[in-house]
1. With springs connecting C-alpha atoms under 10 Å apart, model the chain as a Gaussian network and identify which of D161, D292, D55 has the largest mean-square fluctuation.
2. Only Cα pairs within less than 10 Å get springs; with that Gaussian network setup on the chain, which residue of E172, E146, E82 has the largest fluctuation?
3. Sort H101, H288 so that the residue with the fewest other Cβ atoms within 10 Å of its own Cβ comes first and the one with the most comes last.
4. Quick one: if you stick a label point 7 Å off each Cα along the C-beta vector at T134 and E210, how many nm between them?
5. Cross-link candidates for K300: which lysines have Cα within less than 29 Å, leaving aside residues fewer than 8 places away along the same chain?
6. Mind listing the long-range amide H neighbours of I21? Cut-off is under 5 Å, sequence gap 5 or more, other chains count too, H placed in the peptide plane at 1.01 Å from N.
7. So for each of 92-99, 315-322, 191-198 I average, over its residues, the number of other beta carbons within 10 Å; can you give me the resulting order with the highest mean first?
8. Can you give me the Cα centroid spacing of the range 324-379 and the range 228-272 in angstrom?
Amino acid sequence: MATAQPEMNALAPYRRLVIKIGSALLVDAAAGKPREDWLTALAAGIARLKAEGRDVVIVSSGAIALGRRILGLAARTLPLDESQAAASAGQIALSQAWASHLGRHGIVTGQILLTPNITEERRYFLNARTTIKTLLGLGAVPIINENDSVATFEIRYGDNDRLSARVASMIEADLLVLLSDIDGLYTAPPARDPAATHIPFVAEITPEIEAMAGGAASHLSRGGMTTKIEAGRIATHAGTAMIIAPGTGADPLGALMDGGVHTLFAPTATAKAARKRWIMGTLEVSGHVTIDDGAVRALKSGRSLLPIGVVAVRGDFETGDTIAIHDLAGTEIARGLAGMDHQTAGLVMGKKSGTIKDMLGVSTRTELVHRDNLVLLKA
């Protein structure tokens, strides 16, 4: 653990940000409606980040809290069926709130609902990742939430801290911001220990850091400091820095940009190095492809692997599985995540992208391995 003071504008070094918003911040509990003034200020902060050329992704809770009022449900712990119904009704209101407030700044939003399997199973992972990155490339702000209308208590994330960390690692974000009801990590829960001191910087999440975590502080929140530290472990191991900052003030992003108090968790590796390690070391190889010399040169110049350069396909792999890529001499030169299954790969190998679209449809993705999902082996 280190105690270096974070720099004045905490968001300045980062280009791609994931910002997590909890229900207790976004929803007025008494009225069951969005906190309009707070959301207005937050939208202005997001617009400022966008104007500076940054990508912004929002992971937003609030659907169940909004849906309670819409459906007239009592302020109590809801059974699963009522919780799912509230989420279904509340998602519409939540999406409308974000679209309205960001729309005032000319920002388009796109809603994405996730369940745990989408970030755990590689085929769904790749599709979700592509959708989010496409939205960002088009200048939109993706609004992401757990799909509470269909998720069960047994399979759900249980809090959006961990979900936001999964999303941040999925899209190789530079920074994850967890807006909370506390201004960062303390040596002990401040409510229980008046002598607890604030920790501005954490170089590594150690058992000592984990021991400082407390419990949830709000009935609207499923997570406390414990889940934030767990989120930090996911994010920092994927090469993403994380900030825990207070969100209860009138302008939380503006406060961060003006030197407000927070805790910064440093990444343990760059996002590229973490992703390379993940592909190379934690995923079992399910298939093999052999490519010609032209494709080898294309990969070494940073391009994707297209079917036209493939001369042989072996193995029973599915979309999202890891495949080894060999040159004509049989040497493995790269490894990556397959953008199509083995049957499709065998059908289209050696063919141009235009021909593949004629065969399979214009919406077909023609990369066998996209460059973002490919790791070159050292010679």
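What follows is calculated from the coordinates using simple rules that are stated; it is not laboratory data. Note that the structure is predicted; figures quoted are calculated from it, not measured. Counting neighbours? That spans all protein chains shown, and the Cβs are built from the backbone with ideal geometry, glycine included.
1. Its mean-square fluctuation being the largest, the pick is D292.
2. It is E82.
3. Working: H101 21, H288 17.
In order of increasing Cβ crowding within 10 Å: H288, H101.
4. For the pair T134/E210, the computed spacing is 3.9 nm.
5. Counting by Cα, and skipping residues close in sequence, K300 has these lysines nearby: K133, K272, K276, K351, K352, K357, K378.
6. Residues meeting the criterion, in which the H sits 1.01 Å from N, are V59, S60, S61.
7. Details: 92-99: 19.8, 315-322: 17.8, 191-198: 11.1.
Result, highest mean Cβ count within 10 Å first: 92-99, 315-322, 191-198.
8. With the range 324-379 and the range 228-272 each reduced to a Cα centre, they are spaced 36 Å.
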